[in-house]
Amino acid sequence: MKTILVPIDFSDATSPVVEAGGVLARAVRAKVVLAHVIRPASIVNEFSAVVESFTAAVESNASEQLSQWEAELQKGGFTVERSILHGQPAASIREEAERLAADYIVVGSHGHGALYDLVVGSTASALLKDAPCPVLIVPVTNPKATLTGSSTEAAAQP
């Protein structure tokens, strides 16, 4: 069975990205792997215990949100797995795609503002340069837009 890696960040871009992943999965009869990347804390000092506690809460929240998206896709008849990754987004996604031997990566054109992409760099852009498989970039300039001809099961937001 083919594998489609769908990294999501729970921003407004998530719904169109999951929808596109579902459309592609249905077309090529693939399973969907939903992934979320948690960035490492950059504070290492006397606040380390607080940072560790915060990171655990972020991971718990991510797991809950991934479960909701997983359930929505499963209602639409998709085979779904989920994964929480730790590290820098582009590198973590690339490594997960390699680990899974993913056939495709479906990612939003941006999940943050333009200033963020300007300062930090775009995950989508980095993946286009370095991914081990084809990358489908979902334009998310209008997060409320849906793909023409897509299944409502894949588009439904939890």
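The values are calculated or read from the model by the stated rules, or taken from the named source; none is laboratory data. What you are looking at is a predicted structure, and each value in this text was computed from that prediction instead of being measured. In this analysis, Cβ positions are derived from the backbone assuming ideal geometry, glycine residues included, and neighbour counts consider all displayed protein chains.
Couple of notes before you dig in:
- Among the criteria (1) assigned to a helix (DSSP H, G or I); (2) over 20 Å from A25 (Cβ atoms); (3) at pLDDT below 95; (4) not charged (D, E, K, R), the one A124 does not fulfil is (2).
- Only one of E81, E70 that is assigned to a helix (DSSP H, G or I) and charged (D, E, K, R): E70
- Residue that is surrounded by the most Cβ atoms within 10 Å (Cβ to Cβ) [pool: residues in segment 50-94 that are more than 16 Å from F10 (Cα to Cα) and acidic (D, E)]: E81
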